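Written out below as structure tokens is the structure these notes cover.
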Amino acid sequence: MPKLFSGIQPTGELHLGNYFGAITNWVELQQEHETIYCIVDLHAITSDYDPEVLRENSVNLATDLIASGIDPENSILFIQSEVREHVELQWIFNSVTSYGDLTRMTQFKDKSEKMDFVSAGLFDYPVLQAADILLYRASRVPVGEDQVQHVELTRRIARKFNSRFGEFFPEPEPIVGRGARIMSTADPERKMSKSDHDKHAIGLMEDEDSIWEKVKSAVTDPGKAKGDEMSPGVANLFTLLELTAPESTVEGFREDHREGNLMYIDLKEAVYENLMSEIRPVREKKEELMENRSHVEELLEKGKEKARKIASGNMEEVRKMVGVGPT
Ligand code: TYM
């Protein structure tokens, strides 16, 4: 079975962008892949964060992932910092990564623009991501659109390493699903993101009234747009509907839109209803899991052991190829 790797940062709770852009694909892809899913706490420390809650957030995120359908018996689910080889491989990759390539990473440019203190770690962040993927020699990487550039960089790093030291790493392919770019309902020109949580993200575990408030007040456009023209806000609502509602429901709304009869409040109600039907079971499962947190911790322990085994084997090979120890 092809090997697949993906990661998510433990910063705040899961939002609909993470869920539809990544997690639902992660769950589906478990069937036909050897899957490895990682909570990337070392990525999270490159921006401002609270050490007191980071560990807690990582376990909490694992709970959300399991509630969403990640099966830790079949997938390897673990916390990045528990496997030290990630950082070791990152350092080696730093030597085969082009500085110019890193300066072209749009996520770095976007994030660093808003910060007073820009860490070198934030700049080097995509190299750690490449190490995450290639440490397991994964060939597929399910991600949202914003991470595709990082996966392409990973391919270049793999190529460079292979040509310098010998064929070892695959050149991984991104897998991008239907929900790859969920936008903020408050500002549909920007993507939904947890860094600006309150207004611009809808949390998977958020209070139902608050979700309805955000959907109800989603920015659309002043009039009933006709024909194929769709403003970004309305297009985003349609995306959410397509991800959660039966095709016949979506087609009905599309028809109304084409004819210029669409009432946005009806669309919003449908989005809310279908969204809640999709995520309610996840929320219930999460509550169940929260009652037995130590079980989640045990599952993470097992995941860590499995990940360490693969990582240490591959890293041993890499050290030999590169000519460094420990031998
Ligand atoms: P992170 O934690 O920002 O996001 C996790 C996943 O959610 C996707 N995503 C979205 N998809 C659609 N619409 C959105 N608005 C949206 N926001 C987030 C992301 O594309 C991602 O797939 N650098 C990565 C984590 C990472 C990683 C890896 C991923 C570290 N190592 C190795 C893949 C492979 C990140 O910060 O994702």
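The values are calculated or read from the model by the stated rules, or taken from the named source; none is laboratory data. What you are looking at is a predicted structure, and each value in this text was computed from that prediction instead of being measured. Note that each Cβ is placed from the backbone with ideal geometry, even for glycine, and that neighbours are counted across all protein chains shown. Each accessible area value is taken on the protein alone, full model and side chains, heavy atoms only, with ligands, DNA and RNA left out. Shrake-Rupley method; radii C 1.70, N 1.55, O 1.52, S 1.80 Å.
See the values below:
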| read-out | value |
| --- | --- |
| Qualifying residues in the range 174-193 (those that are surrounded by fewer than 17 Cβ atoms within 10 Å (Cβ to Cβ) and in contact (Cβ under 8 Å) with a residue 24 or more places away in the chain) - the one nearest to the ligand (Cβ to nearest atom) | R181 |
| Among (1) part of a helix (DSSP H, G or I); (2) without any contact (Cβ under 8 Å) to a residue 24 or more places away in the chain; (3) open to solvent by 60 Å² or more (accessible area, probe 1.4 Å), the one test that G313 misses | (3) |
| Extreme residue, nearest to D48 (Cα to Cα), among residues of the range 89-101 that are open to solvent by less than 60 Å² (accessible area, probe 1.4 Å) and free of Cβ contacts under 8 Å to residues at least 40 places away in the same chain | N94 |
| Residue within the range 231-241 that is more than 19 Å from I211 (Cβ to Cβ), touching a strand residue (DSSP E or B) at 6+ places or on another chain (Cβ under 9 Å) and outside the structural domain of A67 (by TED's automatic domain parsing) present | yes |
| G17 vs. criteria in a strand (DSSP E or B), open to solvent by less than 40 Å² (accessible area, probe 1.4 Å) and among the small types (G, A, S) | no |
| Residue among K111, K199, K160 that alone is within 13 Å of the ligand (Cβ to nearest atom) and open to solvent by 40 Å² or more (accessible area, probe 1.4 Å) | K111 |
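Every residue, every condition in (1) within 12 Å of the ligand (Cβ to nearest atom); (2) among the hydrophobic types (A, V, I, L, M, F, W, C); (3) open to solvent by less than 40 Å² (accessible area, probe 1.4 Å), yes or no:
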{"position": "A67", "(1), (2), (3)": "no, yes, yes"}
{"position": "Q80", "(1), (2), (3)": "yes, no, yes"}
{"position": "V87", "(1), (2), (3)": "no, yes, no"}
{"position": "Y125", "(1), (2), (3)": "yes, no, yes"}
{"position": "L128", "(1), (2), (3)": "yes, yes, yes"}
{"position": "I133", "(1), (2), (3)": "yes, yes, yes"}
{"position": "R137", "(1), (2), (3)": "no, no, no"}
{"position": "V141", "(1), (2), (3)": "yes, yes, yes"}
{"position": "E145", "(1), (2), (3)": "yes, no, no"}
